[in-house]
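The values are calculated or read from the model by the stated rules, or taken from the named source; none is laboratory data. Computed from a prediction, not measured in an experiment: that's the story for all the values here. Here Cβ is always computed from backbone atoms with ideal geometry, including for glycine, and neighbour counts include all displayed protein chains.
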Amino acid sequence: MALDSIWGAALVYLGRQDDAVGARLRQARRTLDGLTEALATFAARGELLRLRAALVQDFLIGILISRTPRGAGVLPTQVGARPELSPDEPQHWPPQEGLYDANGLGSRLGELAQLGFALTYEEVRTFLIAITQAQPPTPSGRQQIGRAARSLSSVVSSLALDLASYERAWRRLFSGDALGATSMAPLAPPVPVVPTPLATSVPPEVANGGSIGTATSAARADHTHGHGDQAGDSLHALATPTAPGFMSDLDKSKLNGIAAGATATPLSGSAPTNVAATSSVGSATSVARADHAHGHGDQLGGTLHALATPIAHGFMADVDKAKLNGIAAGATATPLSGAAPPNIAATGGTGSATAAARADHTHGHGNQSGGALHALATVTTPGFLSEVDKAKLDAITPGVNAHLQSIQLCASRSQQLLPGSSFGVDGQVEMLSLNVAPDVCTVAGTLRDFWVEGQASANVSVTITLLRAPSTGGFPSTTPVTLTVPVGQVAASSAATLSVNAGDRISATSNALWNHSGLVLRARLRA
């Protein structure tokens, strides 16, 4: 009986302990569920999502690269102490991102890592801090800062200088070194400049010979020299028919020999006489002008003009005139043929007929054998088909190079093209080419017969470039195929070709704004 009581009490105690343990387990589960929900809510916060973005991780990794020690996978361990960064490495837009696993450990750095790393260098931080001012700039000052930075970028990007040339240019700018010396020695202190006093006396007259002078004062900017009394002609150039100058003694003697009031013979003011039958000296006291002309006049007889001959032009003789009057209008010496001309022969011949072929005659082709009589066709010139080309043509299987697939890209009426935008098959225009729905090549072959057409003309010249991404994935890349729509036109075509593989994804991009009101780009895929 006592044993039963002990067992009963023990069972009651164990039951209560089990209830207490169950209650604590339920409380622990509720707490764990609450923590799980809180962690999920915390992990979904915007700032944490942004921190997990690849570009942000790249930038933060670049800042933390200078920290030591570095954990494996968290930060790159191969970076040495302060390496030299190269500005010649290519940069992309959008920046290329790094690769990270589910735990945030990186296997490849992105482009922003180099920017973040550069910000840890002392000279970069010092330069950026030095740009700041104690007081904020005025709107006008802020505008000037932007213009200076933009103009510097525009000018420098248009040059093709090497590093040494830029170093010389900076040295000339800051040190006044006109030769662009590359020496790094410190500049000597400037020599004090002692101003030269201005002269207070009149400068000397012009002398026979030059002289350095001994005066220690400077001439004023508006000073003048007197001419002075100079003898001889060696100091002055003599006048010529084409250049003014001093008069020579010969010209002075010639001038003295001309009578006072002498005049040249005047030019005639009337028309010259007609050509006469005989020549005459004339009695006029004026001269004819250089562009004068004589009238022919009414001349009788053929003795004043040479008669025409079979080898020389001339006047018609009375005998020839009589002969001409005796010939019927339209008369010909050779009779017209009444028979059809022969067919074209293998070789040319002079012929023996005494009749002339009529103007509208025709020759039959005739039955000519052999290719020697006709030029064969080439890739640039049409002609007759050779036996080699005929054999090649017969060897081609019917249907080869058949049309396998039509590629069609489009942009809807409401989706205008923007500079740098892309489009695919669903009518949407995207600024990021990865978001475009491409057309997929079902077989390998060659794209050709490209054509693009909109419903509204282009206001500027628009170039559409074909994009291709491989079936294995990746960013679409540009191809050599471009279609340029001129200003005021709605369509363009291209005879270019593009080899593609099965699974290649095709889209297109624009370099300018085009409100096309509906756009279609088509091509044919052939074997």
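Filtering the stretch 444-453 for residues that are surrounded by fewer than 16 Cβ atoms within 10 Å (Cβ to Cβ), among the aromatic types (Phe, Trp, Tyr) and assigned by TED's automatic domain parsing to the domain that holds Leu498 leaves a non-empty set. Does Val436 qualify as being free of Cβ contacts under 8 Å to residues at least 60 places away in the same chain and farther than 19 Å from His92 by Cα? Judged against the criteria, Val436 is not a match. List every residue pair whose Cβ atoms lie under 9 Å apart, where the two residues are 6 or more positions apart in sequence or sit on different chains, the first residue falls within the stretch 230-251 and is under 24 Å from Pro204 (Cα atoms) and in a loop (DSSP other than H, G, I, E, B), and the second residue, located anywhere, is of a type in the set (Gly, Ala, Ser) and at pLDDT below 80. Cβ pairs passing all conditions: Gln230/Ala207; Asp233/Ser248; His236/Gly245; Ala237/Gly245. Of the residues making up the stretch 194-204, one or more are out of contact with any strand residue (DSSP E or B) (no Cβ under 6 Å at 6 or more places or on another chain), in a loop (DSSP other than H, G, I, E, B) and modelled with pLDDT under 75. The residues of the stretch 104-161 that are basic (Lys, Arg) and farther than 24 Å from Asp88 by Cα, listed by number, are Arg142, Arg147. For the stretch 364-423, a tally of residues being in a strand (DSSP E or B) and modelled with pLDDT of 75 or more returns 13. With respect to Asn274, determine if the residue is surrounded by 10 or more Cβ atoms within 10 Å (Cβ to Cβ), under 30 Å from His374 (Cα atoms) and at pLDDT below 80. No; evaluated as a whole, the condition is false for this residue.
State which residue is farthest from Thr309 (Cα to Cα) when the search covers only the stretch 338-363 and only residues that are among the hydroxyl-bearing types (Ser, Thr, Tyr) and at pLDDT below 80. If we take residues in the stretch 338-363 being among the hydroxyl-bearing types (Ser, Thr, Tyr) and at pLDDT below 80, then Thr347 is farthest from Thr309 (Cα to Cα). Across the stretch 86-127, the qualifying residues are those that are in a loop (DSSP other than H, G, I, E, B) and more than 39 Å from the chain's Cα centre (by Cα), and the one among them that is surrounded by the most Cβ atoms within 10 Å (Cβ to Cβ) is Thr120.
Against the definition (at pLDDT 75 or above, surrounded by fewer than 10 Cβ atoms within 10 Å (Cβ to Cβ) and among the hydroxyl-bearing types (Ser, Thr, Tyr)), how does Ser153 come out, yes or no? So Ser153 fails the test. I'm checking my understanding of the structure. Among residues of the stretch 205-229 that are among the polar types (S, T, N, Q) and surrounded by 10 or more Cβ atoms within 10 Å (Cβ to Cβ), which one is modelled with the highest pLDDT? Going through the qualifying residues, I end up with Ser217. Name every residue in the stretch 316-333 that is surrounded by 10 or more Cβ atoms within 10 Å (Cβ to Cβ) and not in a helix (DSSP H, G or I), in order of residue number. Correct list: Met316, Ala317.
Taking the criterion of being closer than 26 Å to Leu115 by Cβ, part of a helix (DSSP H, G or I) and either basic (Lys, Arg) or touching a helix residue (DSSP H, G or I) at 6+ places or on another chain (Cβ under 8 Å) (or both), the residues of the stretch 128-180 that qualify are Arg142, Arg147, Arg150.
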